[in-house]
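One structure is given below, encoded as structure tokens.
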Amino acid sequence: MTEQRKVVVPSPENSETPLADAQSWVTPNRLFFVRNHFDVPHIDVDDWRLTVAGCVRRELSFDYEQLKAFPQRSVFSTVECAGNGRSFLAEKVAGVQWGAGAVGHAEWSGVPLKFLIQEAGLNDETREIVFTAADVGTEHDHPAPMHFARSMPVDKALHADTLLALRMNGEPLDPLHGFPVRLLVPGWYGVASVKWLTRIEASAEAFHGYFQSVKYTVGRWTGRGHADESIGAMPVKSEIVRPRDGESVGVGTTRIFGLAWAGEEAVEAVEVSTDGGESWRRAEIVGPRAPYSWVAWEYLWEVVTPGDHRLLSRAISENGQVQPIRHDPLRGGYLITFSRPTTVRVDPSRRSHALAGDAAALNQAMRDMAEERSRFRLDVEMEFAHGAGI
Ligand SMILES: Nc1nc2c(c(=O)[nH]1)N[C@H]1C(S)=C(S)[C@@H](COP(=O)(O)O)O[C@H]1N2
Ligand SMILES: [Mo]
């Protein structure tokens, strides 16, 4: 197999998951998309420390060995870049011109962030937690060097599923994905999951860092006019993975296969249109439906009419969010979730017979994963051993 990440920008690496080859629920680490604003920092793990400071009762500092010794937890989560799909926008928007593949799904394991924050003890005036990373660089509209940094509201930071991730699909993090430690904010756009973490600071003020006030914002109309808002959770979205846009199929039965995710929610249903959005039918969801995780889905399409057909999919979340048909211009170059048509040519000289294929393989892969899942407890609230490793 020649599967590899699709490079969009070579340096610093920005590359996509090869979605069209997706064979498994979990994206293998070597195929998982990479989104780097700056060069990967050189980190000597023996010198590396993670500091917890700011509005806390006691400032703490941890090395890698100490973090590894803390109680661990695993969370399966889809991570998508907020600019994923930007190249498909009718009006060109500046930024990395992503196709569909700035998204992946992995099992993330590490120390719940809550654990370290509780060890340090938050003061009441804390409004946000600010995360600073080791990578440094400039942007054309920010010529002064800056570290990558982001903040998060306290409630999401203290959520039991928000992790200081040390492992990805069971392996220690690769340097490209944030070794030694990254944040994993399940259900939120990838920008929240700060890689190469060095500092966690409780703050009484709102943080206005570049990556949440200049970039990674969307417009919104409020009672008082237009406002820019920092992005957070991923809205509901689906992708048709196979057949590919422009592909030719025969008359008969074609399997339409795709993926869908809904941020902090689970996907409730996926619908498919084979007539450009006139009518919609339910697709079949393959495997488990869970918050944070994408689902695979398939639809067996019986087609007798030769010529071009416009396929669309739309996902619906468990709380009833529906994937939109058009891109909302207020979202600019982010939150690109509209249903994008896949045009397929039906060739009358060929016959297509869809057989048990993707679904069977995926189900097997998921059973294998489920067995492995016992690695770290997923669904039990952990009892933290106080002072462990400190
Ligand atoms: N320190 C740091 N963290 C970062 C970034 C970065 O450039 N530097 N990029 C963010 C963005 S925009 C995304 S989408 C995710 C991508 O994670 P991945 O490269 O592991 O796929 O990392 C986030 N964390
Ligand atoms: Mo991103």
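Derivation of every value follows stated rules applied to the coordinates shown; laboratory data play no part. Since the structure is predicted, the reported quantities are computational estimates derived from the model, not experimental observations. Positions of Cβ are backbone-derived with ideal geometry, glycine not excepted, and every protein chain shown enters the neighbour counts.
Quick notes on this one:
- Calculated over the range 6-230, the projected area of the Cα convex hull averaged across directions stands at 13.6 nm².
- Sparse-neighbour loop sites [trypsin sites (Lys or Arg not before Pro); the range 64-102; at most 15 other C-beta within 10 Å; DSSP]: LYS92
- Projecting the Cα atoms of SER74, ALA100, ALA206 onto the dipole axis of the chain, where Lys and Arg carry +1 and Asp and Glu carry -1 at the beta carbon, places ALA100 farthest toward the positive end.
- Efficiency of FRET between ALA53 and ASP141 - r from beta-carbon atoms, R0 35 angstrom, step 0.05: 0.75
- Neighbourhood net charge (9 Å Cβ-Cβ; Lys/Arg +1, Asp/Glu -1) for PHE32: +1
- Taking the longest Cα principal axis of the chain as reference, the axis of helix 358-372 is set at about 20 degrees.
- Highest-MSF residue in the chain out of ASP63, ASP141, ASP308 [GNM, Cα springs under 10 Å]: ASP141
- One compactness figure for the chain is 1.02, namely its Cα radius of gyration divided by 2.2 N^0.38 Å.
- Local net charge near HIS226, Cβ-Cβ under 15 Å (Lys/Arg +1, Asp/Glu -1): 0
- Relative contact order, whole percent, for the chain stands at 17, derived from Cα pairs under 8 Å and 6 or more residues apart.
- Difference of contour (0.36 nm per residue) and Cα-Cα distance, ASP275 to ARG350: 24.9 nm
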